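A quick write-up on the structure given underneath.
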Ligand SMILES: Nc1ncnc2c1ncn2[C@@H]1O[C@H](COP(=O)(O)OP(=O)(O)OP(=O)(O)O)[C@@H](O)[C@H]1O
Ligand SMILES: [Mg+2]
C-alpha cells in the first residue's frame, strides 16, 4: 500500500536497526521490489560494514544533501548498487568523513531529499541514527515516513531510550499513529512481556539468532538466513511486512511505475536521450548510463 512505501527504522543503540533494515530490504527484494536503503548515520558509516571493501563507493549523503541543487538524477547517481541483490541500492556516508566537512544539512534540504527519494524505488528503507537529534536527516525521516518502526531491546537500556524519546516523539509532527514498537534482538530468558508493558505494547518481536551475528561479522547481511533456528527472525520480518510466511509475496505493492517512469528499473532504452544529463540507474541489474 502507498502508506507503507517509506519505512523508517529508529531505536536504541545496538537494538538491531541496521540489521532489520537490511533484512527488510532483502525480503522485499526477494519479492522483486526495488529498494533504496538510506543509512543516515554520519558517525558510523554503514555501507563499508555491508559491502566488501573493493566496492567503489565514492558518493556520500553528506555531499548529496548539501549540494546547491538536489535532483532525482543526483540522488540516483549517489546510489551504491550491490551485486548481492539486483533490486537493492544504498545511500550513506563514507568512512573518514565527518559532518564538519560539509555545510550544515538543513531541515529544508532533508525534506527535499526525502520527498524526491520517495519516487525513485518501490520501497525506501531508512536506517536512522540512534542519536537522531544530532542528525537532521533522521529527524525528518521519522516525520515523513509512512511507517516508523521503533526498535528497542528487552532490557532497561532499551526501555530507557524509549521512555526518554517518547515525549519528544509525541509531538504531532511525528504522527504517532504511524509508529510501531518492535522488540529487537530478544534473547532467551528475557522477560519480553513485562518489558513490552514498558513500551506500551510490542507490535513485533525479532528474536536473537546467532546466525545474524555471524553474518554481521562476515559482511554477509545481504545473504538470506538459512539455519533452522533463524526462522523466528525471518518470520518476524515477514510479519511486519505483512507477508505470508515462507512466500515471496508482499502486500499490494506501491508500484513506482507511474511516478518513476524513466528512472525505475526497466528495459534499458537504446542509446542516450539527447539533451538529458546522464545518470546511473541505481540497481545492479540495470547499472549503466541512461
Ligand atoms: N536479532 C538479532 N540476533 C542476533 N544478533 C543481532 C540481532 N539483531 C542485531 N544483532 C547484533 O547486534 C549488533 C548490533 O546490531 P545493529 O548494528 O543492527 O544495531 P543498530 O541498532 O543498527 O546499532 P547502532 O545503534 O550502533 O546503529 C550486531 O552485532 C548484530 O549482529
Ligand atoms: Mg546501525
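Values quoted throughout were computed directly from the atomic coordinates according to the rules given, and no laboratory measurement underlies them. On a predicted model such as this, the values are computed, not experimentally measured, just so you know. A quick note on method: Cβ atoms are made from the backbone with ideal geometry, for glycine too, and the neighbour counts reach across all protein chains shown.
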Practice task
For segment 169-198 and segment 122-141, write down the distance between their C-alpha centroids in whole Å.
Solution key: 17
Practice task
Treat the count of other C-beta atoms within 10 Å as a stand-in for reagent exposure and order 237, 205, 36 from fewest to most.
Solution key: 205, 237, 36
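Based only on other Cβ atoms within 10 Å, what is the fewest-to-most ordering of 9, 111? Please report the intermediate quantities before stating the final value.
Details: 9 29, 111 15.
The fewest-first ordering by Cβ neighbours comes to 111, 9.
What order do you get for 37, 46, 95 when you list them from fewest to most C-beta neighbours inside 10 Å? Before the final figure, lay out the partial values.
On the way: 37 30, 46 22, 95 12.
Ascending number of Cβ neighbours within 10 Å: 95, 46, 37.
How large, in Å, is segment 1-136 by the Kirkwood hydrodynamic radius built from its alpha-carbon pairs?
This gives a value of 15.0 Å.
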Problem - Global size of segment 91-188 as Cα Rg and Dmax, reported in angstrom - result: 14.8, 46
